[in-house]
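Here's the structure, in structure tokens; my notes come after.
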Amino acid sequence: MEPGRRRRPVLAIGGLTALALLWLGTMVGGTGPLDLALLRGLYSGNEPAVRSAALLVTNVGEWQVLVPLTLAGAAWLLFRNHPRAASLLVAIAFIGRALVELQKWGIGRLRPEDLRHLVPVKSLSFPSAHAANSMILFLSLALLASPKRHRAAAVTLALAATFAVGITRPMLGVHWPSDVVGGWAFGALWALAVLWMAERAGSPLRIEGRGQ
């Protein structure tokens with residue numbers, strides 16, 4: 001076996017472990033003085049233009065956008081004759097959503113109350129569903145649905161989009177910053193772990209070129 005191939009599992013496990021530790025750290029260490037200071041620094045309640053932009057961007061993380069986008073991505077993969085990738089995309093997205101809600105219920109962190117909420121919220125706080133679900137879907141789409149030559153750009157765009165969605169949550173006063181970082185960490189951990197295990201268990205999942 002080539003040295004590069006031998007290193008890949010080690011690097012993958014190391015990366016996944018780092019994401020798991022980041023998720024754990026934000027769960028255990030959130031809602032403290034640093035979290036509160038960051039929340040107050042990001043809050044847009046006194047900045048009408050910033051608040052309007054945050055209200056617009058945060059809608060990208062709503063289920064009304066992410067669920068249809070998941071189904072559209074799966075349909076496109078089916079059209080490109082990648083049924084395994086399409087099924088995996090749907091499974092990652094919808095099981096991931098369920099796991100996020102289970103975490104909210106099990107961890108039971110309350111929303112920040114120091115600042116007025118600029119959008120209505122009903123669920124508990126950790127992790128941010130907007131951050132986690134957008135990370136799960138955007139990263140999975142970038143890795144599953146982009147040709148190899150465009151994959152780095154697709155992943156960069158996916159990360160930028162989920163960063164933009166997630167950061168709006170403390171800007172609107174409805175999440176601690178640690179909720180958002182924990183959501184990003186869990187979303188990346190879940191998507192990457194499932195894709196890594198799926199590829200080790202079978203044939204390559206990703207689109208490799210125009211003709212495939």
For the chain, what is the mean residue ellipticity at 222 nm derived from helices alone (per DSSP H run of n ≥ 4: -39500 (n - 2.57); sum divided by total residues; nearest 500 deg cm²/dmol)? -24500 deg cm²/dmol
Please list 3J(HN,Hα) in residue order for segment 28-42, calculated via the Karplus relation 6.51 cos²θ - 1.76 cosθ + 1.60 where θ = phi - 60°; whole Hz, with x for glycine and proline. 7, x, x, 6, x, x, 5, 4, 5, 5, 5, 4, 5, x, 8
Which entry in [x] 17.9; [y] 18.9; [z] 18.4 matches Kirkwood radius over Cα pairs in Å derived from the coordinates of this structure? [x]
Cβ-based charge dipole, the chain, positive-most Cα from Ala75, Leu36, Val165: Ala75
Spelling out what I want: for every residue of segment 45-54, take phi, set θ = phi - 60°, compute 6.51 cos²θ - 1.76 cosθ + 1.60 (Karplus), and round to whole Hz; glycine and proline get x. x, 9, 10, x, 5, 5, 4, 4, 5, 5
Relative exposure of Val100, Val155, judged by other C-beta atoms within 10 Å (fewest first): Val155, Val100
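Which of the peptides 158-169, 80-91, 12-23 is most tightly packed, and how do the rest follow, judged by the mean count of other Cβ atoms within 10 Å per residue?
On the way: 158-169: 21.7, 80-91: 17.2, 12-23: 15.1.
Going by the mean number of other Cβ atoms within 10 Å, highest first, we get 158-169, 80-91, 12-23.
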Which of rounded, prolate, oblate describes segment 1-101, given a ≥ b ≥ c as roots of the alpha-carbon gyration tensor eigenvalues and a/c under 1.5 marking rounded, otherwise prolate only if a/b is larger than b/c? oblate
Could you tell me how many degrees, from 0 to 90 and to the nearest 10, lie between the Cα long axis of helix 177-201 and the main elongation axis, the longest principal axis, of the Cα atoms of the chain? 10 degrees
Hey, got a sec? Which trypsin sites (Lys or Arg not before Pro) in segment 104-208 land in a DSSP loop and have at most 15 other Cβ atoms within 10 Å? Arg116, Lys122
Obtain the nm distance between the two label points defined at Leu34 and Arg111 by a simple spin-label model: each point lies 7 Å from its Cα along the Cα-to-C-beta direction. 2.6 nm
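Just so you know, all these numbers are worked out from the coordinates, no wet-lab data involved. Computed from a predicted structure; not experimentally measured. Virtual Cβ from ideal backbone geometry, glycine too; neighbours counted across all protein chains shown.
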